[in-house]
1. Does residue 323 satisfy the criteria of being away from the ligand (no atom under 16 Å from the Cβ), on the phi < 0 side of the Ramachandran plot and surrounded by 18 or more Cβ atoms within 10 Å (Cβ to Cβ)?
2. Residues in segment 463-479: is at least one more than 16 Å from the ligand (Cβ to nearest atom), part of a helix (DSSP H, G or I), modelled with pLDDT of 95 or more and of a type in the set (D, E, K, R)?
3. Name every residue in segment 411-432 that is within 15 Å of the ligand (Cβ to nearest atom) and either touching a Ser or Thr at 6+ places or on another chain (Cβ under 8 Å) or within 18 Å of residue 595 (Cα to Cα) (or both), in order of residue number.
4. Any chance you could count how many residues in segment 482-523 are within 16 Å of the ligand (Cβ to nearest atom) and of a type in the set (Gly, Ala, Ser)?
5. Search segment 511-532 for residues that are under 30 Å from residue 555 (Cα atoms) and pair each with any residue that is in a strand (DSSP E or B) and basic (Lys, Arg) when their beta-carbon atoms are under 8 Å apart and the residues are at least 6 apart or on different chains.
6. Mind listing whichever residues of segment 304-313 are surrounded by fewer than 24 Cβ atoms within 10 Å (Cβ to Cβ) and either more than 13 Å from the ligand (Cβ to nearest atom) or of a type in the set (Val, Ile, Thr) (or both)?
7. Just name the residue that is surrounded by the fewest Cβ atoms within 10 Å (Cβ to Cβ) out of those in segment 326-351 that are hydroxyl-bearing (Ser, Thr, Tyr) and within 28 Å of residue 587 (Cβ to Cβ).
Amino acid sequence: MCGIIGYIGDKNPKGILLDGLKRLEYRGYDSAGIAVLHDKQVEVFRCQGRIEALEKRLSNADFKGSLGIGHTRWATHGAPTERNAHPHQVGAITLVHNGIIENYLEHRERLQAMGRKILSETDSEIVAHLFDLEVSQGKTLLQAIAAVLPRLKGSYAFVVLSKNEEDTIIGVRNGAPLLVGLGDKENFVASDVQAILHRTKQIIYLKDHQIAVCHRGNVEIKDLYGKDTPFEVKTINWSADQMEKAGYRHFMLKEIHEQPQALAQTIETNIDHQSGLVSIPELSSLRSWLKDLDQIQIVACGTARHAGLVGRYYLERFARISVKVDFASEFRYRDPLLSTKSLVVLISQSGETADTLAALREAKTKGAKTLAICNVRESTLARDADLVLYTNAGPEIGVASTKAFTTQLAMLYMLAVEAGQANGNIDETYAKELTADLLKLPFLAERTLLLEKQIEKMAGDHLDCSFFFYMGRDVQYPIALEGALKLKEISYAHAEGYAAGELKHGPIALIDRTAAVLIIAPKDTEPTSAPEGMAEHSKTLFEKTMSNLQEVKSRGGKILAFGSENDPSLAQHADCLIQLPAASWALNPVLMAIPLQLMAYYTALFRGTDVDKPRNLAKSVTVE
Ligand code: F6R
């Protein structure tokens, strides 16, 4: 949440800061601002709303100078007004902040008692006062920051400049992401690599409590005591083109269409083509340990948790290990029962979600082994977990997660197959068939995307529905949850996801002629070596879901069905039917997610909402 950028070099910073903010806008878009330092004067421009509004306001502004900072805000403390927008300027200090300072009220009271005038409702302005107090007593900016940080509780990434130091910008982090980009006689500080990747690929990812002192010609990395501390410069392999819309109207649509490739990239590195088996290199050290594992706890938020719910079905079927799935925000506070034989799997696209990081710390404290499934390299989660499996989805910029979700499913599938082989629950023949199936997934996803026009029509024909009820059974239940989440977050339509068997336990009361009921009912195929009973299991699930369909139909609800092309039976009952390529029980959730993403996308498009920047949301929730 909140995007941050800082620039110091020999160019005019206005364009660099505005461009960086546009690339960060998915992190928050309530208000924005920039500040530029020149000749001991700082000019600050802030406004409520999007970067476009800021850009308009700045169209005639002619800045001098060659260093500055910028911010796009997702409001936590204080309403999204111009007064609360960043940068905050207090005396010699100007700063931008991402995070929450938990003890800001006690500092605020003390500052007010000293006669300091506080102009905003933010915690960030309070910190600007604290830095300024130190600078006004003769400290350098670095000394001032080092003096104040131990008195702050909470999470933060700050980028700070002082009127008195025209060749310095300082960035510091604790619990919120911040990185430094190294250029030629210029340097950058940013909350995400997206902001600067088209300018440099040489990146220093700051660790908690590190301070980056950036000058035009060099960067120093210090610890909290101002001492030099070792750091690594990484070369990033994401290309700047991946950050563009590439002709698509929205990032979300582009990312939906990137799924075949993202899946192929995620699967490819974990297959041993010689043996025809899944083989995740990062798990090699864990194989014997996996054998004795007594439980897996999956922890994540939002869409990533829905992936975890699907993962539970995979792991319980293929590896017969008991799996629990929890919201990270619940897990971290409930004193979970873990031991050294527990594996905690943390799933996160960004690797910076505050609750998921707190859950990781909780799991480590309790002695469990931790494994991250993560999309962003060098993110805090990826760095701090014992093991990390990367989904190679490429950058995901649309606020609604799409390709990150389906690649997480592919990774969980592979984890389950590996764990099942390690503990002897699946034999080599079955594992080979499951692997061969998985290799077809990118192609099946590509074929599923060909249904786009039909789904667009389905969305357009049902815009007037009062509410959207998604239901699925077994491994499709989490997909119902995910479909409903996608629809509500970008189109603001009221949607609920339910396990189909729960229909009669309450929600059926909501069904009438105005409701659309989206039923996920594929006909699963099974590998020939699947254990006995699997095909029967899928058949039973299908029949049960068909009964639920009848219950809805007899109450007047409109049936929008998502089935398989090998199944003629749904056609008789559905008001609208989308038929996907036939696939296995384990692959169908991945495929079914795709039309539901498109359904959400087109409903939002027809309703005229901002698909890539839905109201009140931000891409990465780095505060609790
Ligand atoms: C929904 C969505 C969110 C995220 C959640 C976790 O489309 O994107 O629900 O899935 O905020 O984010 P990560 O995966 O970055 O931890």
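The values are calculated or read from the model by the stated rules, or taken from the named source; none is laboratory data. For clarity, every value in this text was computed on a predicted model and none was experimentally measured. A quick note on method: Cβ atoms are made from the backbone with ideal geometry, for glycine too, and the neighbour counts reach across all protein chains shown.
1. Working: away from the ligand (no atom under 16 Å from the Cβ): yes; on the phi < 0 side of the Ramachandran plot: yes; surrounded by 18 or more Cβ atoms within 10 Å (Cβ to Cβ): yes.
When the stated conditions are applied, residue 323 passes them.
2. yes
3. Within segment 411-432, the first condition is being within 15 Å of the ligand (Cβ to nearest atom), and the residues that meet it are 411-412.
Hit for segment 411-432 is 411, nothing else.
4. 6
5. Partner pairs satisfying both residue conditions: 513/558; 515/558; 516/558; 517/558.
6. 312, 313
7. First, pick out the residues of segment 326-351 that are hydroxyl-bearing (Ser, Thr, Tyr): 329, 333, 339-340, 342, 348, 350.
Retained after the next criterion (residues that are within 28 Å of residue 587 (Cβ to Cβ)): 348, 350.
Working: 348: 35, 350: 23.
The qualifying residue surrounded by the fewest Cβ atoms within 10 Å (Cβ to Cβ) is 350.
Let's see how each residue does on (1) touching a helix residue (DSSP H, G or I) at 6+ places or on another chain (Cβ under 7 Å); (2) surrounded by fewer than 20 Cβ atoms within 10 Å (Cβ to Cβ):
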position: 213; (1), (2): yes, no
position: 217; (1), (2): no, yes
position: 228; (1), (2): no, yes
position: 233; (1), (2): no, yes
position: 246; (1), (2): yes, yes
position: 264; (1), (2): yes, yes
